[in-house]
Amino acid sequence: MTTLPTRRHLIAATASLLAFGGVALAQDARPAAPATAAAGTRFITVASTTSTVDSGLFNHILPLFRAKTGIEVRVISQGTGQALDTGRRGDADVVFVHARAAEERFVAEGHGGPRRPVMYNDFVLIGPKADPAGIKGSRDIAAALRAIQTKATPFVSRGDRSGTHQAELALWTAAGIDLAATRGSWYREIGQGMGAALNTASGMNGYVLSDRATWLSFRNRGDLDILVEGDRRLFNQYGIMLVNPERHPHVKRADGQAFIDWIVSPEGQKAIADYQINGQQLFFANASDSGA
């Protein structure tokens with residue numbers, strides 16, 4: 001798996017090379033093959049949420065897909081909002097994210113689709129074991145957030161338009177809290193991914209909302225632990241879509257669709273379900289649930 005820059009960055013870099021050495025600019029300005037890859041490698045570009053990368057899921061499933069099809073998957077790891085924007089620009093062939101409302105807007109606006117459900121897990125509220133907000137063991141995420149806000153205990157937000165950030169904002173609303181009116185120094189937006197948010201929370205003994213898969217693969221836990229879990233509002237669904245090749249003719253329709261078809265097939269779903277860390281399953285395949 002290779003995390004790559006966008007096509008427009010590569011176009012700019014290639015233009016600079018042209019000025020100095022007359023390097024030919026490919027008509028399809030897609031991310032170039034890594035130096036270690038053989039010329040002519042068959043590949044697609046997938047813009048995907050950081051949790052699929054940080055959890056190690058892609059390291060587990062992508063070699064299986066390549067062995068079956070010969071297609072390499074190169075991943076742009078971003079928050080969901082950024083990944084969908086990457087798809088809108090045509091800088092990826094497939095988007096694989098976790099914010100259903102945003103995914104459905106992406107499809108409705110004609111940027112890609114159809115949306116296919118793939119898998120789910122859940123969000124968990126992480127915090128210091130000392131638990132100054134007094135929320136440990138609660139299954140009511142709204143009550144927990146109200147306690148954090150009332151006591152002004154440190155809370156770390158990704159603040160990056162990711163699926164996790166969007167879920168967090170929806171949960172504050174469900175708790176009846178207007179962040180614009182009540183936030184203070186206790187609420188810290190960092191504009192970075194899940195790993196950085198967890199590291200920040202660990203360093204300041206703060207609370208943070210995390211997807212469970214990234215938490216299970218996270219090592220720098222310090223004094224942090226899961227304090228709130230099990231609320232149905234913490235459900236976390238993932239979906240996958242082909243970027244619209246009618247809008248972006250360079251999109252690799254056949255190979256992108258091959259990846260989607262594999263990941264929702266019994267073989268791909270089993271590969272997802274088989275992925276574990278320390279005996280714990282990180283994602284639960286549910287492509288057969290058309291309503292997910």
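The values are calculated or read from the model by the stated rules, or taken from the named source; none is laboratory data. The model shown is predicted, which means the values in this text are computed figures rather than measured ones. Virtual Cβ from ideal backbone geometry, glycine too; neighbours counted across all protein chains shown. Heavy atoms of the whole protein, side chains included, go into the accessibility calculation; ligands, DNA and RNA do not. Shrake-Rupley method; radii C 1.70, N 1.55, O 1.52, S 1.80 Å.
Roughly what % of DSSP beta bridges within the chain run antiparallel, to the nearest 5? Don't jump to the answer; show the numbers that get you there.
Working: 23 of 40 bridges.
Roughly 60 percent of the DSSP beta bridges within the chain come out antiparallel.
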Quiz item: If you average 1/r over all unlike Cα pairs in segment 121-234 and invert the result, what Kirkwood radius do you get in angstrom?
Solution: 13.6
Quiz item: Taking H as built 1.01 Å from N, whose amide H comes closer than 5 Å to the amide H of GLU189, not counting residues under 5 places away?
Solution: SER157
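What dipole magnitude, in Debye to the nearest 20, does the chain give about its Cα centre under +1 on Lys/Arg Cβ and -1 on Asp/Glu Cβ?
Working: 31 positive and 27 negative charges, 52 e Å.
That gives a dipole near 240 debye.
Could you give the alpha-carbon Rg of the chain over 2.2 N^0.38 Å, rounded to two decimals? Mind showing how you got there, number by number?
Details: Rg = 20.1 Å, N = 292, 2.2 N^0.38 = 19.0 Å.
Compared with the compact-globule rule of thumb, the chain sits at 1.06.
Ordering ARG105, ARG219 from largest to smallest accessible area (1.4 angstrom probe), what's the sequence? Could the numbers behind the result be given before it?
Details: ARG105 125, ARG219 160 Å².
Accessible-area ranking of ARG105, ARG219, largest first: ARG219, ARG105.
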Quiz item: Within straight cross-link reach of LYS151, meaning Cα distance under 13 Å, which aspartates and glutamates are found once same-chain residues fewer than 8 apart are removed?
Solution: ASP131
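With both bridge residues required to lie in segment 121-234, what share of the DSSP beta bridges run antiparallel, to the nearest 5%? Show your work: numbers first, answer last.
Numbers: 8 of 13 bridges.
The antiparallel fraction comes to roughly 60 percent.
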Quiz item: Between ARG219 and ALA174, how many nm apart are label points set 7 Å from Cα along the C-beta direction?
Solution: 3.3
Self-check item: Projected label distance in nm at LYS129 and GLU267, using a 7 Å step from Cα toward the beta-carbon
Solution: 4.5
Exercise. Determine the per residue accessible area of segment 121-234 with all protein chains present and a 1.4 angstrom probe, expressed in square angstrom.
Key: 41
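Probe radius 1.4 Å, ligands and nucleic acids left out: which of ARG88, ARG247, ARG74, ARG139 has the largest accessible area, and how do the rest follow? Each step should come with its number before you reach the end.
Values: ARG88 70, ARG247 120, ARG74 0, ARG139 155 Å².
Listed by decreasing accessible area, they come as ARG139, ARG247, ARG88, ARG74.
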Quiz item: How much length is gained on full extension from GLU189 to LYS151, taking 0.36 nm per residue of separation minus their Cα-Cα distance?
Solution: 11.9 nm
Quiz prompt | Crossing angle, helix 57-69 versus the chain [Cα axis fit, 0-90 degrees, rounded to tens] | solution = 30
Exercise. Could you tell me what percent of the accessible area of the chain is made up of carbon and sulfur, with a 1.4 Å probe and every protein chain present?
Key: 51
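Once you have the Cα-Cα distance between ARG253 and ASP289, take 0.36 nm times their residue separation minus that, and quote the gain in nm to one decimal. Each step should come with its number before you reach the end.
Working: separation 36, 0.36 × 36 = 12.96 nm, distance 2.42 nm.
Gain on extension, ARG253 to ASP289, equals 10.5 nm.
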Quiz prompt | Loop sites in segment 182-250: GluC sites (Glu not before Pro), DSSP, at most 13 other Cβ within 10 Å | solution = GLU246
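What percent does the relative contact order of segment 121-234 come to when contacts are Cα pairs within less than 8 Å and at least six residues apart?
Values: 196 pairs, mean separation 55.1, N = 114.
Result for segment 121-234 is 48 percent.
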Practice problem: Would you grab the residues whose amide H sits under 5 Å from the one on GLU72? Only those 5+ places off in sequence or on another chain, please, with H modelled 1.01 Å from N. | Solution: ARG42, PHE43, ILE44
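Placing +1 at every Lys and Arg Cβ and -1 at every Asp and Glu Cβ, with all other atoms neutral, what dipole size does segment 78-187 have around its Cα centre, in debye to the nearest 20? Let's see the in-between values first.
Details: 14 positive and 12 negative charges, 56 e Å.
The dipole magnitude comes to about 280 debye.
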Self-check item: Per-pair calculated FRET efficiency, R0 = 35 Å: GLU109 and THR69 via Cβ, rounded to 0.05
Solution: 0.75
Quiz prompt | Positive-pole candidate from THR182, THR153, THR164, dipole of segment 145-222, charges at beta carbon | solution = THR153
Quiz item: So which lysines pass the test for LYS68, namely a Cα distance under 27 Å, with those fewer than 8 places away in the same chain ruled out?
Solution: LYS252, LYS270
Self-check item: Listed residue (GLY239, GLN192, ILE226) projecting farthest to the positive dipole end of segment 184-275, Cβ model
Solution: GLN192
